[in-house]
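The values are calculated or read from the model by the stated rules, or taken from the named source; none is laboratory data. These numbers come from a predicted model, not from an experiment. Neighbour counts run over all protein chains shown; Cβ positions are idealised from the backbone, glycine included.
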Amino acid sequence: MITATQIRGARAMTGMSIEQLAAAAGLPVATIETMERDEQEGDPHALLAVKQSLEAAGIIFIASGNHDEGGPGVRLRARSCIDEGIRPENLNAANDD
């Protein structure tokens with residue numbers, strides 16, 4: 001499943017507070033705090049809820065590779081739509097915000 005380090009890293013990457021993650025996963029804040037502290041296997045249902053909540057926030061969990069590739073990790077999903085903003089030639093006082 002996922003590790004405490006992955007949970008902490010994923011939460012940091014998404015900018016979620018412990019309270020926000022707990023609310024998204026439908027769990028008590030104390031459960032999230034324990035999951036982030038302990039590297040031991042926790043409640044599988046709670047771990048799945050946290051994993052799904054973080055994935056919905058754009059996290060991809062990376063499984064442990066062989067010894068040369070490193071351990072488990074997290075990364076942000078690529079954005080599906082590219083927002084290039086307003087091109088410099090189109091900038092004017094009407095769209096200045």
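Descriptive notes on the structure:
- Members of the stretch 34-52 that are surrounded by 15 or more Cβ atoms within 10 Å (Cβ to Cβ) and without any contact (Cβ under 8 Å) to a residue 40 or more places away in the chain: 34, 35, 36, 42, 46, 49
- Matching residues, the stretch 47-66, being farther than 15 Å from residue 4 by Cβ, assigned to a helix (DSSP H, G or I) and within 9 Å of the chain's Cα centre (by Cα): 53, 55, 56
- Restricted to the stretch 1-46, and to residues there that are over 20 Å from residue 72 (Cβ atoms) and of a type in the set (Val, Ile, Thr), the residue that is nearest to the chain's Cα centre (by Cα) is 18.
- Within the stretch 12-52, the set of residues being touching a strand residue (DSSP E or B) at 6+ places or on another chain (Cβ under 9 Å) and of a type outside the set (A, V, I, L, M) comprises 14, 51.
- Some residue of the stretch 1-24 being modelled with pLDDT under 80 and assigned to a helix (DSSP H, G or I): no
- Residue in the stretch 14-33 that is buried (at least 16 other Cβ atoms within 10 Å of the Cβ), touching a residue at least 12 places away in the same chain (Cβ under 8 Å) and among the acidic types (Asp, Glu) present: no
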